[in-house]
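Asker: What follows is a structure written as structure tokens; I'll ask about it next.
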Amino acid sequence: MPLANLIRGRPIKQSKTADLRPITFVRFNTLLGKPKPMTIKALLDSGGSESLVTEKFAKKLSLKKSSNSSTVWTAPGGEMCTNQKVKAQFTMPELHEDRLIESNMHVAKALGKYNMIIGRDILQFLKIDLRFSDNVAEWDGSELPFEDGKATPKEAYCWKMCASATMVSLKFSLQDPLQQVASVNTTIISSKLICFNKQTPVL
């Protein structure tokens, strides 16, 4: 911008930058006892001590009251309380499509623009690194670029890497560990277990 414009007090136009965040689209099992996965939007949140999922996707699972009093969370919109937990099963196919994760999660009424918050409890256990220096999430050799905060499943990194809609369908259904939990090639991961499981895990 010419110096004369600055002297006259004309505002400097700021270039717009994408609101990049560590987002991934998770395949979450929504039904107790058998696989019924749905694709939901999750934030990898190193600022959150534990992980949460919305009641909308957990209500058909076995919800349990927290053993202690309600947990109070500090959120951008104010304080939020939860008093239920659920044993969740999900995959993160944008990072590793063949790894089924089991973890206890808090259940929240709503989480704003997200359906799940993956906190430090899971991030540290799985050794997922969030590299803000180059806006990349890395898990065991697999990297996922941060996405715009408004990203939808169709704009997800996994879709960009697929050559056609057919391949996308395969990636999220036929190759979904939640649909093929009996496969010996499916890695089952939980806070107590990392193994190759030949039997369907029970929620």
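The values are calculated or read from the model by the stated rules, or taken from the named source; none is laboratory data. For clarity, every value in this text was computed on a predicted model and none was experimentally measured. Positions of Cβ are generated from backbone atoms using ideal geometry, with glycine treated the same way; all protein chains shown enter the neighbour counts. SASA here: full protein model, heavy atoms, side chains in, ligands and nucleic acids out. Shrake-Rupley method; radii C 1.70, N 1.55, O 1.52, S 1.80 Å.
Asker: Can you find, within the stretch 101-128, the residue that is most open to solvent (accessible area, probe 1.4 Å) among those that are more than 16 Å from residue 56 (Cα to Cα) and in a strand (DSSP E or B)?
Answerer: Residue satisfying both the conditions and the ranking: 104.
Asker: Still on this structure: Determine, yes or no, whether residue 94 is within 19 Å of residue 25 (Cβ to Cβ), under 13 Å from the mean Cα position of the chain (by Cα) and modelled with pLDDT of 75 or more.
Answerer: Yes: the conditions hold for residue 94.
Asker: Say whether the condition of being modelled with pLDDT under 90 and among the hydrophobic types (A, V, I, L, M, F, W, C) is met by at least one residue in the stretch 15-25.
Answerer: yes
Asker: Now for a different question. Need the failing condition index for residue 105 against (1) in contact with a helix residue (DSSP H, G or I) (Cβ under 9 Å, 6 or more places away or on another chain); (2) closer than 15 Å to residue 21 by Cα, just the number.
Answerer: (2)
Asker: Follow-up question, since we're still on this one. Being at pLDDT 90 or above and either surrounded by fewer than 18 Cβ atoms within 10 Å (Cβ to Cβ) or under 20 Å from residue 143 (Cβ atoms) (or both) is the filter here; which residues of the stretch 71-91 pass it?
Answerer: 90, 91
Asker: Could you count how many residues in the stretch 113-151 are touching a strand residue (DSSP E or B) at 6+ places or on another chain (Cβ under 7 Å) and among the hydroxyl-bearing types (Ser, Thr, Tyr)?
Answerer: 2
Asker: Okay, next question. Residues to consider are 158, 195; find the one that is in a strand (DSSP E or B) and at pLDDT below 90. Outline the logic, then answer.
Answerer: Working: 158 fails: in a strand (DSSP E or B).
Sole residue among the options that is in a strand (DSSP E or B) and at pLDDT below 90: 195.
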